[in-house]
1. What list of ³J(HN,Hα) values in whole Hz, one per residue of segment 17-22 in order, does the Karplus curve 6.51 cos²θ - 1.76 cosθ + 1.60 (θ = phi - 60°) give from phi, with Gly and Pro shown as x?
2. Lys/Arg Cβ at +1, Asp/Glu Cβ at -1, dipole of the chain taken about the Cα centre: which of A75, Q14, H48 is farthest positive-ward?
3. Please get the size of the charge dipole for the chain, origin at its Cα centre, with Cβ charges of +1 on Lys and Arg and -1 on Asp and Glu, quoted in debye to the nearest 20.
4. With the calculation restricted to Cα positions, what are the radius of gyration and Dmax of the chain in angstrom?
5. Could you pull out every one of the aspartates and glutamates with an alpha carbon less than 17 Å from that of K11, ignoring same-chain neighbours closer than 8 positions?
6. Going 7 Å from the Cα of Q44 in the Cα-to-Cβ direction, what parts of segment 18-33 have a backbone nitrogen less than 16 Å from that spot?
7. Show that you can apply the helix-only estimate: for the chain, add -39,500 (n - 2.57) for every DSSP H stretch of four or more residues, divide by all residues, and state [θ] at 222 nm to the nearest 500.
Amino acid sequence: MRKYFEETDRKLEQQRLQMEQQRIQHEERMAQLREETDRKLEQQRIQHEERMAQLREEADRKLEQQRIQHEERMAQLREEANRRLQQ
């Protein structure tokens, strides 16, 4: 009977150790996944910021181009108006 209890205790201890090892492996895997997720999110954030900066630059260029075209058109209209006034 004593041998039975010793064997049972040994098996239970072995199972406990196995479960503890699985728990540790699970925690390590979860930590690894969190790190990977954090890296991906940081990479996406950086890409987003770069894209936003690029879009702002493009918008600024277009606005500047439109401003120049507007000034040129206004100068042209002033010249035409001055010519008409001189006639």
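1. Once θ is set to phi - 60°, the couplings for segment 17-22 become 5, 4, 5, 5, 5, 5 Hz.
2. A75
3. It comes to approximately 260 debye.
4. Answer for the chain, Rg first and Dmax second: 37.2, 127 Å.
5. Answer for K11, where 17 Å is the Cα cut-off: E20, listed by chain and number.
6. Hits in segment 18-33 for Q44 at 16 Å: 33.
7. Helix contribution divided over all residues of the chain: -37500 deg cm²/dmol.
Read the figures in this text as sums done on the coordinates, not as results from a lab. Note that the structure is a prediction, hence the values are computed from the model and not measured. Reconstructed Cβ throughout: ideal geometry from the backbone, glycine too, with neighbour counts over all protein chains shown.
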